[in-house]
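Contents: one structure, followed by commentary.
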Amino acid sequence: MAVILPFGTSGPKKGRASSGTSESSGRPRDALAHDVPDAVWAAVESVRAMPLAAGVRYEEIAVPGTLADYGIGVAVTAASPQADVAASGWIMLLYDRELRDEWRSHWRCVAYARMPIDPREDNGLAPGLFWEEMLAALDGAHDGDVAGTVTVERNTAFGIRDAGIGASCELRASWTPLASMDDGSDAGGQVRRWTLLVKSAVDREEETSVDR
């Protein structure tokens with residue numbers, strides 16, 4: 001997968017397409033910063049060990065230091081050569097040493113996704129439907145305080161051969177993971193849930209292209 005680097009390291013951050021297996025940087029923990037909380041180390045190890053979704057490209061991304069004391073950022077891209085569509089997004093897992101009142105936790109997840117949709121789904125009900133789809137993808141791995149926005153865009157191209165009409169959905173969300181995440185062990189699960197949400201948009205478009 002992408003080189004998910006433990007904190008305090010530097011090096012190339014080039015992602016690659018997943019074949020369904022993971023890899024580790026192999027760098028020993030004691031070679032890195034010694035003051036990183038155990039929960040953060042557990043989160044890094046959980047992300048390293050998570051099952052990868054086939055056909056998805058993973059890449060580590062930087063987390064702004066102003067958001068929290070520590071963070072893990074993963075960008076994902078899912079593409080379909082058959083339907084010629086792609087979906088992308090990212091998720092950041094934030095950790096503060098001090099309990100954050102607004103999070104009611106040391107942890108907070110922040111995520112974004114941009115996904116293609118069938119123009120026929122571009123209606124007044126679409127934002128609510130996509131929000132519900134996102135909540136289902138998170139599979140209850142939060143304490144009920146999910147917040148965010150849904151933006152549905154419709155583009156009609158002129159003078160561009162075979163461009164036609166396109167529509168897309170942008171999801172922005174943040175949530176506090178369940179208390180079971182406190183030790184960091186479900187970090188990989190949080191990343192995987194968001195990844196599968198992004199990938200589901202491509203899978204749906206593939207099915208639609210077959211039906212047309």
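The values are calculated or read from the model by the stated rules, or taken from the named source; none is laboratory data. This one's a predicted model, so the numbers in the text were calculated from it and none came from an experiment. Glycine also receives a Cβ, built like all others from the backbone with ideal geometry; neighbour counts cover every protein chain displayed. Protein only, heavy atoms only, side chains kept; ligands, DNA and RNA dropped before computing areas. Shrake-Rupley method; radii C 1.70, N 1.55, O 1.52, S 1.80 Å.
Here are some notes:
- The stretch 136-145: number of residues that are part of a helix (DSSP H, G or I) and loosely packed, with under 15 Cβ neighbours inside 10 Å: 1
- Qualifying residue in the stretch 89-108 (condition: of a type outside the set (D, E, K, R), modelled with pLDDT under 95 and over 20 Å from L178 (Cβ atoms)): no
- Any hit, the stretch 26-38, residues being modelled with pLDDT under 95, surrounded by 15 or more Cβ atoms within 10 Å (Cβ to Cβ) and over 26 Å from W103 (Cβ atoms): no
- Count - residues of the stretch 60-91 that are touching a Phe, Trp or Tyr at 6+ places or on another chain (Cβ under 9 Å), assigned to a strand (DSSP E or B) and either of a type outside the set (S, T, Y) or more than 22 Å from G189 (Cβ to Cβ) (or both): 9
- Filtering the stretch 91-119 to residues that are among the aromatic types (F, W, Y) and buried (at least 21 other Cβ atoms within 10 Å of the Cβ) leaves Y95, W107.
- Any hit, the stretch 46-53, residues being more than 18 Å from L178 (Cα to Cα) and assigned to a helix (DSSP H, G or I): yes
- Qualifying residue in the stretch 166-182 (condition: over 30 Å from R48 (Cα atoms), open to solvent by less than 30 Å² (accessible area, probe 1.4 Å), modelled with pLDDT under 95 and touching a Pro at 6+ places or on another chain (Cβ under 6 Å)): yes
- Residue in the stretch 56-75 that is of a type in the set (G, A, S) and open to solvent by 40 Å² or more (accessible area, probe 1.4 Å) present: yes
- Residues being out of contact with any Gly (no Cβ under 6 Å at 6 or more places or on another chain) and either buried (at least 20 other Cβ atoms within 10 Å of the Cβ) or of a type in the set (D, E) (or both) - total across the stretch 45-55: 1
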